[in-house]
Amino acid sequence: MSLEERNRKVAETFEKFKIDEWGKDKDVKCVQVATNVVEQKHQVSRAKRSKALGSRAFRGSTVWFTGLSGAGKTSIAFALEAYLVSKGIPAYGLDGDNIRTGLNKNLGFSKEDREENIRRVAEVAKLFADSGVVCLCSFVSPFAEDREVARRIHTDSQLPFFEVFIDTPLDVCEQRDTKGLYKKAREGQIKGFTGITQEYERPDAPELVIQTVGRTIEESTMEVISLLESQGIIPRYEARNQEVEELFIYGNRLSSAIEEAATLPQIHLTDLDLQWVQVLSEGWAYPLKGFMRETEYLQALHSNCLTLADGSVVNQSVPVVLAVSTSVKEQASGAAALALVHAGRALAILRAPEFYPHRKQERCCRQFGIYHTGHPYIKMIEESGEWLVGGKLEVFERIMWHDGLDSYRLTPNQLRRKFLQLGADAVFAFQLRNPIHNGHALLMQDTHRQLLERGFKKPVLLLHPLGGWTKDDDVPLQVRISQHKAVLAERVLDPDSTVLAIFPSPMMYAGPTEVQWHAKCRMNAGANHYIVGRDPAGLPHPEGSGDLYDPRHGAMLLTMAPGLNDLEIIPFRVAAYDTSVGKMAFFDPTRKQDFDFISGTRMRGLAKAGKEPPNGFMAPSAWKVLSEYYQSIKSKMDTN
């Protein structure tokens, strides 16, 4: 169809909507079009709307999915909706069945009613698009004329409109027939059913044609994503498979840097400082290039994020800083570089160092919401130096701890390569610093199931225990890794689709503020789905008055936190021991009397006493690891 013919048909259709009779089977005439209405201009521009939605560019547009019933329109549209929202881009799916149960429930399936159905939907989609939302419409819309009306409604308002034809053969659609409609149409129960007794008019020149046979939902969705990227509707996300920048130096530069370090003023690192060097050097804190300078520190402390040179925002909720004493600052004054030394060995160079005051109370009140040295990490801050020093970090080699666990300390880039080798099309991370019981496993199993149902073929679990500093009464890393390995050996979690690795960050116990940090680091490691539970970074109030943080807030905040657009947050479901079936199950408040919440205190008490928990609470070999650890503690206490 030529452009001239297309415009003529659209004009004719618009004219018909104004004056023609329609719905003759109901003997209904079109209401007289009002003449005393004047369009009111908005005072808010599209740019301002976009900014309010957190976007630097206007992305309002409509993607119109058309094709036979069962072609895959809604599956692709809803997968695209999930993808866009996970990137922080407002999107909303309008589905044919959903619209006909609400806005258009007074319409049937005559040609005239179909026309009105599409016209109304197009007008609603235009409003969504005008507000800055990417509107995803999945409608059979069998008539080319009606689809052209939808297009014209958008182009007249200078809104992008993309027609996407889901080209699935009729026989395949009939085989899928999840609603049983084709069978009814073949039996004569449904009249005028598209593809059987009603012709489908294939699009002449859609923006995209997708053939779904032999392809996954994700592959089909990626075609639409590529279209939106090419048209500038959404940013290009080539970085989704790119590695993060590490801060190691190699070759001749390494040799000269090691020689240079011997001539530089030195800063002696504690074990805690060294853990932060490891975090920075391996790229967990990307795009940080070293310990924070004052401007970066202030952004992290007061905004929980960093604004990059291109205007983009990345989450950075905790300061990554190096504290030094006044004497060290005075000795290093004027130096162009400093050597970072641990246990008598130079490990890195800090270039162009910048010293600034370590305002400890302000830092703690902003990061922890409290200043109380009964808090173990605050106590370490209070005991640290009076100055902070930032600068570009050049690290000589990977930090190794030689504790038998270094093989589990995979860097973000190593994890990304591992996921690629496994063929992962979704990576979901589980943050934990405690032993795994079957309730945790149930949540991970359920997430894996949900991802498969959404069309992913190879979801992979990143089982990622925190491996940096923790408070004295937490279960040691060695014990936790042994316990996790036992859970995998008993196949409570599938070892073939699980990567067990250590997250090297220290634990700060900073509640919702720290939860963002944990999520950002897993995002840098290639995770795109994140499970967060109750009180994931909390602890009791130092004065003994309950929890320091609301145990719900960490999970709640992640759904709103800036700069985490590459992560979809998986809602946490509470699991407890279901006495009626003798296993861990998701809590059902309608029969709460059947559930036994086994607290950490009770679990430790059972382990110390050498008693067994209820059958089905934890994998037996995993419980044995934990029980032996707590009994060894009890034995030491009894001896002392």
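The values are calculated or read from the model by the stated rules, or taken from the named source; none is laboratory data. Given the structure is predicted, the values throughout are model-derived calculations rather than measurements. Note that we place each Cβ from the backbone using ideal geometry, even for glycine, and neighbour counts take in every protein chain shown. Side chains are part of the model used for accessible areas, which takes the heavy atoms of the whole protein and leaves out ligands, DNA and RNA. Shrake-Rupley method; radii C 1.70, N 1.55, O 1.52, S 1.80 Å.
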Å² per residue, accessible surface of the chain at 1.4 Å = 47 Å²
Quick one: if you take sqrt(5λ) for each eigenvalue of the C-alpha gyration tensor of the stretch 547-597, what semi-axes come out, biggest first, whole angstrom?
-> 30, 13, 8
Provide, for q = 0.14, 0.26 Å⁻¹, the log10 of I(q)/I(0) from a solvent-free Debye sum over equal Cα point scatterers in the stretch 231-299.
-> -0.66, -1.24
Rank these by accessible area, largest first, 1.4 Å probe: Glu397, Glu148.
-> Glu397, Glu148
How big is the accessible area of Ser256 in square angstrom, nearest 10, if you roll a 1.4 angstrom probe over the protein chains?
-> 60 Å²
Carbon and sulfur atoms: what percent of the 1.4 Å accessible area of the chain do they account for?
-> 51 percent
Semi-axes (Å, rounded, descending) of the ellipsoid equivalent to the stretch 248-368 per its C-alpha gyration tensor are 25, 18, 13
Gln175 versus Asn252, label points 7 Å from Cα toward the beta carbon: distance in nm?
-> 6.2 nm
Where does each of Val532, Val328 land when they are ordered by accessible area, with a 1.4 Å probe and the largest first?
-> Val328, Val532
Trypsin sites (Lys or Arg not before Pro) within the stretch 378-435, DSSP loop, no more than 13 other Cβ atoms inside 10 Å | Arg398
Mean ellipticity per residue at 222 nm, deg cm²/dmol - from DSSP H runs of n ≥ 4 across the chain, formula -39500 (n - 2.57) = -12000 deg cm²/dmol
Equivalent ellipsoid, the stretch 45-235 (semi-axes from 5 times Cα gyration tensor eigenvalues, Å) = 28, 19, 14
From the Cα gyration tensor of the stretch 406-638, with a ≥ b ≥ c the square roots of its eigenvalues, which class applies: rounded if a/c is under 1.5, or else prolate if a/b is larger than b/c, or else oblate?
-> rounded
Of the candidates Gly605, Trp387, Ile267, the farthest towards the positive dipole end of the chain (Lys/Arg Cβ +1, Asp/Glu Cβ -1, centred on the Cα centre) is Gly605
Over all directions, what mean area does the Cα convex hull of the chain project, stated in square nanometres?
-> 37.4 nm²
When every protein chain stays in place and a 1.4 Å probe is rolled, Met222, Met603, Met508, Met556 sorted by accessible area with the largest first are Met556, Met222, Met603, Met508
Calculated FRET efficiency, Ser157 and Arg573, Cβ-Cβ r, R0 60 Å, to nearest 0.05?
-> 0.90
